[in-house]
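Here's the structure, in C-alpha cells; my notes come after.
Read-outs throughout are calculated quantities, based only on the coordinates presented, and are distinct from any laboratory measurement. Quick caveat, the model's predicted, so the values are computed rather than measured. When we count neighbours, we look across all protein chains shown, and the Cβ atoms used for this are built from the backbone with ideal geometry, even at glycine.
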Amino acid sequence: MSAAAETLSVAPQAMLSREQKVEIYRYLKLTRLLEERLVNLYRQTKVIGGLYRSLGQEGTAVGSAYALDKSCNDMIAPLIRDMGAMMVMGATPREMLLQYMAKRDSPTRGRDLQIHYADLKRGFVGPISHLGDMLPVFNGIALASQMRKEPRVCLVYMGDGASSTGAFAEGMNFAAVKKLPVVVIVENNGYAYSTPTSRQMAVEQIVDKAIGFGVNGIRVDGNDVLAVYDATKRAVDLARAGGGVTLIEAVTFRIKGHAEHDDQKYVPKELIAEWSARDPVVRYENYLIDSSIADRAELDAIAKEISAHLDDAVADAEASPMPDPESALEDVYAK
Ligand SMILES: Cc1ncc(C[n+]2csc(CCOP(=O)(O)OP(=O)(O)O)c2C)c(N)n1
C-alpha cells in the first residue's frame, strides 16, 4: 500500500489526542447540561419565546464542528439544534442564557430571541431557522474565499425538512458546479416538525441526493460523535484541498418535540425509546471508559465542574436587567 493510501485508510479520529477526546466530551456534556438549565428557566417563564432543544443530536453538532480549523477561519451556519457546534466555535453558555432570557447584556441586547446572534470572528452566524436558505449565503462566503485563495471551509447545517427546499437544491447545484469549499450536513432526525421524513421525500436515504448534484456523499451515525467527526474531517479536508462539496447525512433523532411547547404526540413512543437507548452522550461516556481514555470519576468531575460554571452563568444572566425600553430602536436601523 502506498503511503498516501495508507494515510487515507486511517480514520481521522485516530489522530485525536486523549485531551481532544476528553474535550469533545466536555462539549457534549456542556450542551446537555446547559439545555437542562434552559428547560428549568423556561418552566419558570424566564425564557422569552420558544426553547429549541437538541436532545439526542448533540453528537452531530459537536463532532462536526470539532472537525473545523479555527486557524483557517472556517465558518458554520448552524441550525437551531446546533448549540453544541456554536460552543465548539467559541460561543459561551453565559451568552446563550442571556439571549434566551432577552436580557440587556445579551449579544443582541434583547433585540432578538433564542440564540439568534452571530460572531463572524468566531465563525458562526445565528441559527435563524433558515431551512436551507443559508446555503446560498454561505456559497457566497465560500466563493469569495475561493477567489481570494483563502483556506476557509464553510459548514452548513440543515434538517431533513430543509433538504426538501428550493434553496437547498439551488445551493447544492451552485456549490457543486463551482466546486466550492462547502460541507453540507443534513441532520436527519426523522421529523420536520410533525412530518416524518418518508412523507416529504421519495429517496430512501438523504445521502442519495448527492448523486443528483454530482457531489460526494457520506452517511453517518449521527449519534456517534467520533463517526461524525471522521465524516466531517474527511469532507473538510477534501473541500480545503479543492475537491469540492460533500453532502453528509447524519442519521439521528430528536428526542424532544420541535420545541418545548410541542408534546411530540405524533411520534410513536417505541421510536423515542429506541433512540433514547442510543443517547450520544451516554454512548461516548461508555466509549471513553471502555477504551480506558477516562474513568467514571474523571467524567463525574467534568460534569461537576460544568455544573458549577453553569450555576455562575445562570446567576449572572438572571441578575442582568431587561433592556431599557428607550434603547429598543438603537442599532436596529442604519443612521
Ligand atoms: C421558510 C420557512 N417555513 C417554515 C418555517 C418554520 N419552521 C421552522 S423549523 C421547521 C421544521 C424544520 O424541519 P427540519 O428541517 O427537518 O429541521 P428540524 O427542526 O427537524 O431540526 C419549520 C417548518 C421556517 N422557519 N421557514
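Here are the numbers:
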| read-out | value |
| --- | --- |
| Scan of the range 221-248 for residues that are within 16 Å of the ligand (Cβ to nearest atom) and farther than 23 Å from ALA14 by Cβ, ordered by number | LEU247 |
| So GLN20, is it more than 27 Å from SER320 (Cα to Cα) and within 12 Å of the chain's Cα centre (by Cα) | no |
| Residue satisfying all of: in the range 48-102; of a type in the set (Asp, Glu) and under 12 Å from the mean Cα position of the chain (by Cα); nearest to GLY126 (Cα to Cα) among these | ASP82 |
| Residue among LEU79, LEU135 that is within 13 Å of the ligand (Cβ to nearest atom), assigned to a loop (DSSP other than H, G, I, E, B) and in contact with a Phe, Trp or Tyr (Cβ under 7 Å, 6 or more places away or on another chain) | LEU79 |
| Looking only at the range 164-220, and only at residues there that are under 26 Å from ARG53 (Cα atoms), in contact with a Ser or Thr (Cβ under 7 Å, 6 or more places away or on another chain) and free of Cβ contacts under 8 Å to residues at least 60 places away in the same chain, the one that is farthest from the ligand (Cβ to nearest atom) | ILE218 |
| Only listed residue being within 14 Å of the ligand (Cβ to nearest atom) and among the small types (Gly, Ala, Ser), chosen from GLY126, GLY140 | GLY126 |
| Any hit, the range 146-159, residues being within 16 Å of ALA210 (Cβ to Cβ), within 16 Å of the ligand (Cβ to nearest atom) and assigned to a loop (DSSP other than H, G, I, E, B) | no |
| Subset of the range 213-232 that is of a type outside the set (A, V, I, L, M, F, W, C) and touching a Leu at 6+ places or on another chain (Cβ under 9 Å) - its residue that is surrounded by the most Cβ atoms within 10 Å (Cβ to Cβ) | THR232 |
| Inter-residue pairs, beta-carbon under 9 Å, first closer than 12 Å to ARG37 by Cα and in the range 288-316, second outside any helix (DSSP H, G or I), 6+ apart | ALA313/THR92 |
| Subset of the range 85-117 [touching a Leu at 6+ places or on another chain (Cβ under 7 Å) and over 16 Å from SER320 (Cβ atoms)] | MET87 |
| Residue in the range 309-319 that is surrounded by 11 or more Cβ atoms within 10 Å (Cβ to Cβ), part of a strand (DSSP E or B) and β-branched (Val, Ile, Thr) present | no |
